[in-house]
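Below you'll find the structure, written out as structure tokens, and then a few comments.
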Amino acid sequence: MLCQIMYLSRSKHPKGHESDALILASAQARNEEMGLTGFLFRTEHSFLQILEGEEDKLDIVMNLIRGDSRHEITSEWPKQPAAERSFGSWAMGSGPIPRAEIEAMQDPKAGDDIVWSAMLGKLRELAQTAA
């Protein structure tokens, strides 16, 4: 089943550190190999990533991401079923995201289906602008 998952994490290094390019390159290669797509947003000190693909592949990748010492996950939204891919053009796209958008997504209601749809729409819009 096609699913999407999103998490927010605090980076151990500021934006622009050499680890950013390594994270993106490894994500692109791994996602292409596993048939995943998504987008990695970056602020000065945070990552917001949305991934989409088959549920079992997402589980494998999320376990790897949770164990990555270059960041610490601060919020993880439950997997959501998806009728179609929202970021299908990218094995892993990347771009900036305004801090205000990150703060809005930390709302406790963010697990609600309506809020998830709104967040996903906003992230698609930001991804198109960043790409």
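The condition of being in a strand (DSSP E or B) and among the hydroxyl-bearing types (Ser, Thr, Tyr) holds for only one of SER9, SER19, that being SER9. Candidates are the residues of the range 107-123 that are under 14 Å from the mean Cα position of the chain (by Cα) and at pLDDT below 85; the one that is nearest to LYS79 (Cα to Cα) is TRP116. Only one entry in GLU76, GLU33, GLU72 is over 20 Å from LEU120 (Cα atoms) and in a strand (DSSP E or B), namely GLU72.
Evaluate the following for GLY38: is it in contact with a Ser or Thr (Cβ under 6 Å, 6 or more places away or on another chain) and not charged (D, E, K, R)? Against the criterion (in contact with a Ser or Thr (Cβ under 6 Å, 6 or more places away or on another chain) and not charged (D, E, K, R)), GLY38 does not qualify. One residue is enough: does the range 22-29 have a residue meeting the conditions without any contact (Cβ under 8 Å) to a residue 40 or more places away in the chain and not hydrophobic (A, V, I, L, M, F, W, C)? Yes, the range 22-29 contains at least one residue that is without any contact (Cβ under 8 Å) to a residue 40 or more places away in the chain and not hydrophobic (A, V, I, L, M, F, W, C).
For the range 16-47, the set of residues classified as surrounded by 13 or more Cβ atoms within 10 Å (Cβ to Cβ), of a type outside the set (S, T, N, Q) and over 24 Å from SER86 (Cβ atoms) consists of HIS17, HIS45, listed by residue number.
Residue-by-condition table, conditions (1) among the aliphatic types (A, V, I, L, M); (2) over 27 Å from ALA118 (Cα atoms):
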{"site": "MET6", "(1), (2)": "yes, no"}
{"site": "ARG10", "(1), (2)": "no, no"}
{"site": "HIS17", "(1), (2)": "no, yes"}
{"site": "LEU24", "(1), (2)": "yes, no"}
{"site": "GLU33", "(1), (2)": "no, yes"}
{"site": "LEU40", "(1), (2)": "yes, no"}
{"site": "HIS45", "(1), (2)": "no, no"}
{"site": "GLN49", "(1), (2)": "no, no"}
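For first residues located in the range 69-97 and surrounded by 12 or more Cβ atoms within 10 Å (Cβ to Cβ), partners that are of a type in the set (Asp, Glu) and lie 6+ apart or on another chain with Cβ distances below 8 Å form the pairs LYS79/GLU55; GLN80/ASP113; ALA82/GLU52; ARG85/GLU52; SER86/GLU52; PHE87/GLU52; ALA91/GLU32.
Conditions tested, residue by residue: (1) among the hydroxyl-bearing types (Ser, Thr, Tyr); (2) at pLDDT 90 or above; (3) in a helix (DSSP H, G or I).
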position	(1), (2), (3)
ALA25	no, yes, yes
LEU40	no, yes, no
GLN49	no, yes, no
LEU58	no, yes, yes
VAL61	no, yes, yes
LEU64	no, yes, yes
GLU125	no, no, yes
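Only residues that are buried (at least 18 other Cβ atoms within 10 Å of the Cβ) and touching a Phe, Trp or Tyr at 6+ places or on another chain (Cβ under 9 Å) were counted in the range 48-68, giving 6.
The values are calculated or read from the model by the stated rules, or taken from the named source; none is laboratory data. All of these numbers come straight from a predicted model, not from anything done at the bench. Cβ: placed from backbone, ideal geometry, glycine included. Neighbour counts: every protein chain shown.
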